[in-house]
1. 5 Å is the cut-off here: which amide hydrogens, built 1.01 Å from N in the peptide plane, fall below it relative to A:Phe292, excluding neighbours closer than 5 in sequence?
2. Tell me, in nm to one decimal, what length is gained between A:Glu376 and A:Gln55 on full extension, where the rule is 0.36 nm per residue of separation less the Cα-Cα distance?
3. Per residue of chain A, what 222 nm ellipticity follows from adding -39500 (n - 2.57) for every DSSP H run with n ≥ 4, rounded to the nearest 500?
4. Taking K and R as +1 and D and E as -1, what net charge do the other residues with C-beta under 14 Å from the C-beta of A:Gly363 add up to?
5. So for the pair A:Leu408, B:Ile97, with labels modelled 7 Å out along Cα→Cβ, what separation do we get in nm?
6. Sketch the reach of a paramagnetic label on B:Glu31 as a point 7 Å from Cα along Cα-to-Cβ, and name the residues of the stretch B:44-67 whose backbone nitrogen lies under 11 Å away.
7. Taking the solvent-accessible surface of protein heavy atoms with a 1.4 Å probe, what is the per residue accessible area of chain A in Å²?
8. To the nearest 20 debye, what charge dipole does chain A have about its Cα centre, counting +1 at the Cβ of each Lys and Arg and -1 at the Cβ of each Asp and Glu?
Amino acid sequence: MQQSDGEVRVLSATGVCGSGFKESSLEAGLARRPHFIGCDAGSTDPGPFALGSGQTAFPVRSIKRDLKLMLQAARRAKLPLLIGSAGTAGGAPHLEKFKEITLEIAREENLRFSMALIHSEQHKEYLKKRLHEGRVTPLSPAPEFTDAVIDRAERIVGMMGEEPYLRALQNGAEVVIAGRSSDCAIFAGIPIQMGISPGLAWHAAKILECGAAAAVARPSPDCMFSTFAEDYFDIDALDPELRCTPQSVAAHSLYENSDPYHLVESSGTLDLSTATYVALDGRRVRVRGSRFHPSDKYTIKLEGAECVGYQSIVIGSIRDPYIIGQIDSWIARLTERVKVRTAEVFANDRTASGHVFNVRVYGKDGTMGPLEPVREIRSHELCLVMEVTAATQEIATTIVSLARHQALHLPIPQWGGFITGMACLYSPAYLERGPVYRFCVNHVIEPDDPCEMFPIEYINVG
Amino acid sequence: MTKLGELARLIRSKNAGPFELTFDIMFDAKETFERVRDSKVLTAELIAQIYRLPVKDVRFFVVPEALAFKASIPRPRFQGDLLDSDTHGGQQYAPLIDIEIP
């Protein structure tokens, strides 16, 4: 455990590893002698694809750029480096990818360190056991969670708290690469262990995990610095052109949270209702009064994704005002024609049954769907995205291609003769999107121990 | 009457996790924030009406220290589900712009 010199100082490199930061900001942070460097590397924000497919949302090259600068800085200053939610979703393939990138950087830059990899992908038998014990509870709203959902899931991860990080550090790790993690746990564990009150530590962590996002109108992702002392913490963006104000720091608790005053973590709830924000100068803010209420039960949030099929789409557009004027009935007739043609082509072959055909109409209600309050079309042209999701890519492409042809020549009463009523954007008109996924769980699980779901692997690098 | 979009510094929507959608309405000046607050137009009931939900599904917050209002609702479709059309939930705020404030 590190010793506090009256203060605890924390450097956050950026909001997501791979989104970038200024090297000058990282250097400015190092010059202030932080006790550790942390960085979040994941999110559900890009959607279920990353978790389902095992791929990363940010390009590997941009992840490597950020990780290299962080590793070099941490090793040069002999500081622990903590990375959470490796590779966007923190599953086994994501952690493996981060391990590869880290080893590659160490080789290229001649770095030596002891590394801990904290796994967060869950065994299906473990999840079923806890489910049968009644130790899996839905959050609101939540899809149904059963043995069948667990079996179908491509991947389910647990979101770890700070305990596995602290265990890895206790066991001598200098670089900790963690699977799916509470974003805040990356930053809260060490300050709490060094004696900072949990309320302040979790509140600062909530700000730090987003990098410079709490600064006023941050132009691009960057570093953030926090200093804890006695009964407060200060928040300070390292780029001299950035500034934090009491309002910008208070407003940060709104972002991507459903409740601006209460944030639920594994071990309790951060309560910001009594927090106060004071400007130290034009660009630094001092925060006091944040509280943390430990919960009776320790819980780990689960995230899972399942494959719902393979998708093919056709992008087209319509400029004919007569077709635009009857777009709803045009789509209803198209849908009927696609059904008839699919039945003809697939005949007794049942593999196409259960496919989903959907037409999105941009220029009408493509963005908000049934919630769109503007009902009349005010545009002179419409963009259509025809989308088929089916059991295989071949079936999806077949049906969307049938749909393209039906849409091209669908008659309307205003014109006599054979028409071509849709502009196709590409040749071939279809795009194969591959497997598509959905989030299949929004539940918490009660483990016996905060670390039982997160085995740690230790590697001596270099 | 003035439209909320003309009074606010920022109106935004975003996922709060894959299952909830959250709206932030933020102001620059305390007087403007107070004008909107005191008009009592912006309420959970209004959000429920715009997004066609029972009012019990709307969580509504007044956040004076950030000069902001916040509302959170269950996502109309879970993020990334087949018929979802806004992965980040970032473009669902538009109807709030036209709310008339006395």
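The values are calculated or read from the model by the stated rules, or taken from the named source; none is laboratory data. Keep in mind it's a predicted model, so treat the numbers as computed, not measured. Virtual Cβ from ideal backbone geometry, glycine too; neighbours counted across all protein chains shown. Ligands, DNA and RNA are stripped out before the accessible areas are found, and what is left, the full protein with its side chains, is counted by its heavy atoms. Shrake-Rupley method; radii C 1.70, N 1.55, O 1.52, S 1.80 Å.
1. Those qualifying (amide H under 5 Å, at least 5 residues apart or on another chain) are A:Gly199, A:Asp271.
2. Numbers: separation 321, 0.36 × 321 = 115.56 nm, distance 4.06 nm.
My answer for the length gained is 111.5 nm.
3. On the way: 13 runs with 142 residues, N = 462.
-9500 deg cm²/dmol, from helical runs alone.
4. Working: positive: A:Arg319, A:Arg360, A:Lys364, A:Arg375, A:Arg378; negative: A:Asp320, A:Asp328, A:Asp365, A:Glu372, A:Glu376, A:Glu381.
So the surrounding residues net to -1.
5. According to this spin-label approximation, the distance is 3.7 nm.
6. It comes to no residues whatsoever.
7. On the way: 19130 Å² over 462 residues.
On a per-residue basis, 41 Å².
8. Working: 47 positive and 56 negative charges, 166 e Å.
That gives a dipole near 800 debye.
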